[in-house]
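Trainee: Provided herewith is a single structure, encoded as structure tokens, for subsequent inquiry.
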Amino acid sequence: MAPRAKIEALPEDVRRWLERALTESGFSGYEALEAMLRDKGFQISKSAIHRYGQKIERRFAAIKASTEAARLLTEGAADDQDARSEAVIALVQTEIFDTIVNMQEASSEEISDAERLGMMSEAAKNIATLTRASVTLKRFQAEVRARIKAASEKVEDLAKSGGMTPSLIDSIKREILGIAG
């Protein structure tokens, strides 16, 4: 297994300081951070700081995306077409994809071929489950759309036979189809 990264070996308070400094600097200014660490008595290259910064930046982006997705999921009141499940499935699929990419980038010293194969096998099982869920969800959404369209057409026929005006019929259809605000 590869030796631990120098940054991982830093005292926790110094590592937390570095993480805050990376965040506050917008994940830039690695030469300045290298100098500041040197002043604190730690010899860590700007390249190592950059690699660590990329790792932290990816984590922050994932947390931000997850938080935004959760906010969007809870904003909608009605969820007849199960849009929340669709968003959750998409979020999990993205996370699995990112993990696979990170695993492929890992060196053979970090992950053995046997471990990599085991992880890929587990990921494949999870992807198959997600794909089945996604297909089932898409089928459900199509059925809901078809039922809504059929109901809208039935209401339109009834309204026409009842003598309603075309503008009132359009208003009713917009409400049924969810077009109206």
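Trainee: Taking the residues in region 5-25 that are among the aliphatic types (A, V, I, L, M) and part of a helix (DSSP H, G or I) as candidates, determine which candidate is nearest to the chain's Cα centre (by Cα).
Mentor: LEU22
Trainee: Can you name the residue in region 123-181 that is among the hydroxyl-bearing types (Ser, Thr, Tyr) and free of Cβ contacts under 8 Å to residues at least 24 places away in the same chain and is also most open to solvent (accessible area, probe 1.4 Å) among such residues?
Mentor: SER161
Trainee: I need a count of the residues in region 107-122 that are within 14 Å of PHE97 (Cα to Cα) and free of Cβ contacts under 8 Å to residues at least 12 places away in the same chain. Spell out the reasoning first.
Mentor: To start, the set of residues in region 107-122 that are within 14 Å of PHE97 (Cα to Cα) comprises 119-122.
Filter again for free of Cβ contacts under 8 Å to residues at least 12 places away in the same chain, leaving 121-122.
Final tally of qualifying residues: 2.
Trainee: Ok, one more. Restricting to region 26-46, count the residues that are open to solvent by 60 Å² or more (accessible area, probe 1.4 Å), in a helix (DSSP H, G or I) and not basic (Lys, Arg). Explain how you work it out, then say what you get.
Mentor: Kept after step one, since they are open to solvent by 60 Å² or more (accessible area, probe 1.4 Å), are these residues of region 26-46: 31, 36, 38-41, 43, 46.
Of the ones still in play, those that are also in a helix (DSSP H, G or I) are 31, 36, 38-39, 46.
Now drop any that are not not basic (Lys, Arg), which leaves 31, 36, 39.
Looking only at that region, the number is 3.
Trainee: Find all pairs meeting these conditions: Cβ atoms under 6 angstrom apart; at least six residues apart or on different chains; first residue within region 21-40 and over 14 Å from ARG51 (Cα atoms); second residue of a type outside the set (D, E, K, R).
Mentor: Listed pairs, sorted by first residue: ALA21/LEU33; LEU37/ILE44.
Every residue, every condition in (1) at pLDDT below 80; (2) not in a helix (DSSP H, G or I), yes or no:
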| site | (1), (2) |
| --- | --- |
| ALA128 | no, no |
| SER134 | yes, no |
| LEU137 | no, no |
| ALA142 | no, no |
| ALA146 | no, no |
| MET164 | yes, yes |
| SER167 | no, no |
| SER171 | yes, no |
| ALA180 | yes, yes |
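Trainee: Consider only pairs whose beta carbons are under 8 Å apart and that are at least six residues apart or on different chains; among these, list those whose first residue lies in region 84-104 and is farther than 11 Å from SER134 by Cβ and modelled with pLDDT under 75 and whose second residue is in a helix (DSSP H, G or I) and open to solvent by less than 40 Å² (accessible area, probe 1.4 Å).
Mentor: ARG84/LEU73
The values are calculated or read from the model by the stated rules, or taken from the named source; none is laboratory data. Fair warning: this is a prediction, and the values are worked out from it, not measured in the lab. All Cβ positions, glycine included, derive from the backbone under ideal geometry; neighbour counts span all protein chains shown. When the accessible area is computed, the model is the full protein with side chains, heavy atoms only, and any ligands, DNA or RNA have been set aside. Shrake-Rupley method; radii C 1.70, N 1.55, O 1.52, S 1.80 Å.
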